[in-house]
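Every number in this text was worked out from the coordinates using simple rules, so none of it is lab data. Remember, it's a predicted structure, so these values are computed and weren't measured experimentally. FYI the Cβ positions are ideal-geometry reconstructions off the backbone, even for glycines, and counts take in every protein chain you see.
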Amino acid sequence: MKILVTGGAGYIGSHCTRMLLDQGHDVVVIDNLSTGYRQAVDPRATMYELDIKNQKEVSRVLTTEHIEAVIHFAAYSLVGESMSDPIKYYDNNVYGTMCLLEAMIDANVKRIVFSSTAAVYGEHETMPITEAYEECPTNTYGATKLAMEEMMKWADIAHGVKYIALRYFNVAGAHRSGEIGEAHNPETHLIPLILQVPNGKRDFISIFGDDYDTPDGTCIRDYIDIEDLIDAHVLALDHLVNNNRSDYFNLGSGAGYSVKEMIEAARRVTNHPIPAKIGPRRAGDPARLIASSDKIIRELGWKRNYDTVESIIASAWTFHRNHREGYADE
Ligand code: UFG
């Protein structure tokens, strides 16, 4: 199949591009390189440096490249920044998706798989979170992703654009080749920050609060391996082709690990003491987020190949050891 990957130069998009190519698909990437890296894009893909808001050009690419389906990653994804600059998030995530959908309707491309987030659920008491839980985002990032889902729903009803929204929990790890991985600037995610300590780039990791209502007092998250996550996108695409039905699914591991447990696991993987210091809570962090992924397991036959946090951290470590400055090393 010929697939357009938006945001193909970003962390998740670059892994998707590579894995689709490895499976024999043709991939066209569009990315405005605002947060992504050209070096992360597999050279086998056709790359357009293009903003999804440039509807006319996107429509032209869809038509001239004979695109059959879109996988949409192009979005801003920092929760903190979304709270201080909400309009930036509505502009890129919601308006950007609006332009992309219009271009798809224009070019008669009727399938889209896209990245949504656990942040659409907001805070809930009882874990794990299933798709039946109410969506009530507590930050702008989650609100924009929910708005994108809603837009898809109405575009389906009006124009027959079939979509699958995948609601990710904490995506982590790197491609097992060690060639691509997570390289954000600034970095805010736990695992890359922990690994900066054994990489000699920071002296210790800060733990954002140890007074949460959890067994060791630190926040619990559900970490899902990047390769397992991309497998789910491929299954979602197959599902759209075979069943032509829109849907949404959670994507997590079903298991929760605390910040302290993640640091311990990283110590085992890297053989480094990784000093940690307790700091204040980070605003807006829920105490616990654990996914139920039963629906995608049951309905799409998704299964995880990497089910230990050690394996996820080890893959990230291989990437970061070889790319101490991220893609600037290349
Ligand atoms: N943390 C620390 N120290 C750090 C960095 C993070 O203790 O230096 C903690 C955070 O407080 C949190 C956990 O590690 O408890 C994980 O934090 P991340 O920033 O890695 O991930 P989040 O859980 O905040 O964010 C993830 C996704 C978002 C998504 C969100 C849903 O990355 O895209 O889940 O709530 F929106």
Please report H233, H323 as a ranked list, fewest other C-beta atoms within 10 angstrom at the top and most at the bottom.
-> H323, H233
Candidate lysines - alpha carbon under 28 Å from K201, same-chain residues fewer than 8 apart omitted = K260, K277
Which whole-Hz ³J(HN,Hα) couplings does the stretch 105-113 yield from phi under the Karplus relation 6.51 cos²θ - 1.76 cosθ + 1.60, θ = phi - 60°, glycine and proline marked x?
-> 4, 4, 8, 6, 9, 10, 9, 8, 10
So, with +1 on the Cβ of K and R and -1 on the Cβ of D and E, and no other charges, what is the size of the charge dipole of the chain about its Cα centre, to the nearest 20 debye?
-> 320
Report, by chain and number, residues whose modeled amide H sits under 5 Å from the one on V171, excluding near sequence neighbours (fewer than 5 apart, same chain).
-> I224
Would you pull out the residues with amide H under 5 Å of I71's amide H, same chain only if 5 or more places away, H placed 1.01 Å from N?
-> L4, V5, T6, V113
Qualifying lysines (Cα of each under 24 Å from Cα of K295; at least 8 residues distant if same chain) = K110, K145, K153, K162, K303
Give a residue-ordered list of calculated ³J(HN,Hα) values for the stretch 293-303 (Karplus: 6.51 cos²θ - 1.76 cosθ + 1.60, θ = phi - 60°; whole Hz; x for Gly, Pro).
-> 9, 4, 5, 6, 5, 5, 8, 10, x, 5, 9
Between T218, G173, H159, whose Cα lies farthest towards the positive end of the dipole of the stretch 136-266 when Lys and Arg beta carbons carry +1 and Asp and Glu beta carbons carry -1, centred on the Cα centre?
-> H159
Rounded to whole Hz and in sequence order, give me ³J(HN,Hα) for the stretch 224-236 from the Karplus expression 6.51 cos²θ - 1.76 cosθ + 1.60, θ = phi - 60°, writing x for Gly and Pro.
-> 10, 5, 4, 5, 4, 4, 5, 3, 5, 5, 5, 4, 5
What is the fewest-to-most order of L4, L33 by other Cβ atoms lying within 10 Å of their Cβ?
-> L33, L4
Charge dipole (debye, nearest 20) of the stretch 267-330; +1 at Cβ of Lys and Arg, -1 at Cβ of Asp and Glu | 340
What does the charge dipole of the stretch 138-227 about its Cα centre add up to, to the nearest 20 debye, if the Cβ of each Lys and Arg holds +1 and the Cβ of each Asp and Glu holds -1?
-> 360
Of the options Y248, L4, L300, report the single residue whose Cα projects farthest towards the positive end of the charge dipole of the chain (beta-carbon charges: Lys, Arg +1; Asp, Glu -1).
-> L4
Value of relative contact order over the chain, rounded to a whole percent, pairs C-alpha under 8 Å and six or more apart | 18
Taking R167, R321, R304 and counting other beta carbon atoms within 10 angstrom, the fewest-first order is R321, R304, R167
What residues qualify as long-range amide H neighbours of V27, i.e. H under 5 Å apart, gap of 5 or more or another chain, H built at 1.01 Å from N?
-> I3, T46
Taking a ≥ b ≥ c as the square roots of the eigenvalues of the Cα gyration tensor of the stretch 1-70, is the shape rounded (a/c under 1.5), prolate (a/b larger than b/c) or oblate?
-> oblate
